Amino acid sequence: MDQVYKYGSVLSIPLYNCSFKNLTSEQWSEKYGERRPILGIVEATYGILINILYIPVFLVMFEKKQFSMSCYKIMALLASVDFGSIIVNCIITGFLAYQGAVFCAYPNLIYISGTVGKGFWYCSCLTTILLVANRSLDLTFPDFGRVIFDGKKTYILLIFPIVYGIWFLWYNAPIVFTSTFHSWFFDPMIFEGRAVEYDNFPVFFNNLLVVVSTCFLYALFCTVLIAKGKHAKAGSTSKTVSRQIVFQSTLICAVNFLTSAIYVIENYIAVPFWIVISGQFCWQLGSAAPLLIYFIFNKTIRNGVWIKTGLKTVRRKNTISTLQKNQSRMISLIHSTQQI
């Protein structure tokens, strides 16, 4: 985005100037793009539904009881970032696929969306690491974990992924969409033979270092859980929970790793179309995965969502019955006193 500020507009940036071919937006799409209307509608619909489902999850997360815990503060930021990512990688991507768009067909929309979407992704990477560290310390060294995360300290730690994402948003070149491969690349494919000028080392560094760190922390986390689970009795609650968390951790790690690996490879090596589109689907799945995991494995959030949406009611029959009995006794006592 700093280049937009420097040059005054997207099309004024030399590497993103589409004017030399003198084509209209429709002509750019017809000549260089490929319309995928069914895939576009499916992606956009999927994104809208996922984000609708995220809304009651936010309401549950921000309840005082949950939000007082450090892990829910981190989860809330991660959910917010994923909500924004889905707007880019599902809804906007679906629209662009439906139109068969390339960069020069919608330069402002694609440039800004690619910049913002990339910022969300890198903020998500660091937030995920923070969440794993929080859960790992809570399990292994709870006293040390409280020193780092208790109270308002979590807010201070959350500044780091936010600043990290903003840096990539403002100072780093965007990824741009092309319907030809149905994915987002560094190269807008305007000039032939100049792809090397769009190389993006900071992105390469993040995808290798940050994601590898995430996998390392998840592996450490899973190892501790397995070790603790061995001491638990077969079929016990702790052993079942350990297995569930190992599964969740492995799933999130695998999706993030695949997404990053494919996006690095496809920008430097010619790969089959199915690999390219798999990277796009992994990005979409990675943004929706936390929501699906919350619904499947997190009983607090699941029950809270059902209550918020009116699909489940809080059981207060015993309390109401007791109150009614007490009120009846008081009324009887008053009446007997008045008769005396």
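Looking across region 33-76 at every residue that is among the polar types (S, T, N, Q) and assigned to a helix (DSSP H, G or I), the one that is surrounded by the most Cβ atoms within 10 Å (Cβ to Cβ) is identified as Ser70.
If you check every pair at least six apart or on different chains, which have Cβ atoms under 8 Å apart with a residue in region 92-107 that is under 13 Å from Tyr46 (Cβ atoms) and in contact (Cβ under 8 Å) with a residue 24 or more places away in the chain first and a residue that is assigned to a helix (DSSP H, G or I) and among the β-branched types (Val, Ile, Thr) second? If the second residue must be assigned to a helix (DSSP H, G or I) and among the β-branched types (Val, Ile, Thr), the pairs left are Gly94/Ile41; Gly94/Val42; Gly94/Thr45.
There is at least one residue in region 187-210 that is modelled with pLDDT of 85 or more and either of a type in the set (D, E, K, R) or closer than 23 Å to Ala288 by Cβ (or both). Does region 236-243 contain at least one residue that is surrounded by fewer than 17 Cβ atoms within 10 Å (Cβ to Cβ), of a type in the set (A, V, I, L, M, F, W, C) and modelled with pLDDT under 75? Within region 236-243 (the criterion being surrounded by fewer than 17 Cβ atoms within 10 Å (Cβ to Cβ), of a type in the set (A, V, I, L, M, F, W, C) and modelled with pLDDT under 75), the answer is yes, since at least one residue qualifies. When the criteria are applied in full, Tyr98 meets the requirement of being of a type in the set (Phe, Trp, Tyr), under 30 Å from Gly33 (Cβ atoms), over 20 Å from the mean Cα position of the chain (by Cα) and surrounded by fewer than 23 Cβ atoms within 10 Å (Cβ to Cβ).
Restricting the first member to region 125-150 and to residues that are within 12 Å of Leu77 (Cβ to Cβ), and the second to residues that are of a type in the set (Gly, Ala, Ser), the beta-carbon pairs closer than 7 Å and six or more apart or on different chains are Asn134/Ser70; Asn134/Gly145.
Between Phe201, Phe185, the distinction of being of a type outside the set (Gly, Ala, Ser), within 20 Å of the chain's Cα centre (by Cα) and more than 21 Å from Leu78 (Cβ to Cβ) belongs to Phe185 only.
When Ala79 is tested against (1) exposed (fewer than 13 other Cβ atoms within 10 Å of the Cβ); (2) at pLDDT below 90, just one condition goes unmet, and that condition is (1).
The values are calculated or read from the model by the stated rules, or taken from the named source; none is laboratory data. These numbers were taken from a predicted model, which means no experiment stands behind them. Cβ atoms come from the backbone with ideal geometry, glycine included; neighbour counts cover every protein chain shown.
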